[in-house]
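A short worksheet on the structure shown next.
FYI, it's all coordinate maths here, none of it is from the lab. Here the structure is a predicted model, which means the values were calculated and not measured. When we count neighbours, we look across all protein chains shown, and the Cβ atoms used for this are built from the backbone with ideal geometry, even at glycine.
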Amino acid sequence: MIDGFLGTRASFMLDFVFLAMFLVLPVMAFSIWLVKRGHYLWHKRVQVVLGLVLLVAVTAFEVDVRWSEYKGIPWSQRAFPAPEAARAIVYQVLYVHLFFAVSTSLLWVYVIVQALRKFDSIPTPNAYSPKHKFLAWLAAADMTLTACTGWVFYYLAFVA
């Protein structure tokens, strides 16, 4: 049951999201680098585009997972030629990953919406900046943990 492009048991979309996260983190780091050098407008542009790309990717991923289940091929069927003992570990890693993925989604939406509301169209530091900086670092850490736990889940469920 291999229809992804990485030669694992994962679906095409799982392979795509797995690889996409290797691009998201450096782009996020680049955006942070931009803002630290005072390139606020470019930081805004990169963050908005990154947010939209992530929204589309997560939506496509969820549609793929739900469509697979509708066709009678749940992700767990792909993941579990593994022994029963390994299933508990895979599910534990999945739950940790989902905690970070959901909190990241909510936090990123909040941070981006608030930034669009509280900064001018050509952004410059203002009274909201300290709160934005705190929330943005929290969101960046959350995204990093989402990616790392996602990679561990992918490996345990579809490679090992």
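Observations
- Here the dipole of the chain is about 600 debye; that uses its Cα centre as origin and unit charges on the Cβ of Lys and Arg (positive) and Asp and Glu (negative).
- Taking a Cβ cut-off of under 11 Å around A10, the surrounding Lys, Arg, Asp and Glu residues balance to a net charge of -1, with basic ones at +1 and acidic ones at -1.
- Residues in the stretch 96-106 carry Karplus couplings, in order, of 5, 4, 5, 4, 5, 5, 5, 5, 5, 4, 5 Hz; the curve used is 6.51 cos²θ - 1.76 cosθ + 1.60 with θ = phi - 60°, and Gly or Pro positions show x.
- Residue order, fewest to most surrounding Cβ atoms within 10 angstrom, among F119, F153: F119, F153
- Electrostatic tally near Y110: other residues with Cβ closer than 13 Å to its Cβ, Lys and Arg +1, Asp and Glu -1, net +2.
- Each Lys or Arg adds one and each Asp or Glu takes one away; over the other residues whose Cβ falls under 14 Å from the Cβ of K131, this sums to +3.
- For the stretch 2-77, the Cβ-based charge dipole about the Cα centre amounts to some 460 debye (Lys, Arg positive; Asp, Glu negative; other atoms uncharged).
- Just checking the listed ones, D15, D120, D64: in the Gaussian network model of the chain with Cα springs under 10 Å, the one fluctuating most is D120.
- Evaluated at q = 0.12 Å⁻¹: base-10 log I(q)/I(0), Debye formula over Cα of the stretch 32-143: -0.58
- Distance from the Cα centroid of the stretch 123-160 to that of the stretch 14-31 is 11 Å (rounded to whole angstrom).
- In order along the stretch 13-26, the Karplus-derived 3J(HN,Hα) couplings, from 6.51 cos²θ - 1.76 cosθ + 1.60 at θ = phi - 60°, round to 5, 4, 4, 4, 5, 3, 6, 4, 5, 6, 8, 4, 5, x Hz, and Gly and Pro are given as x.
- Lys/Arg +1, Asp/Glu -1 at C-beta; the chain dipole; positive extreme among T59, A136, A147: A136
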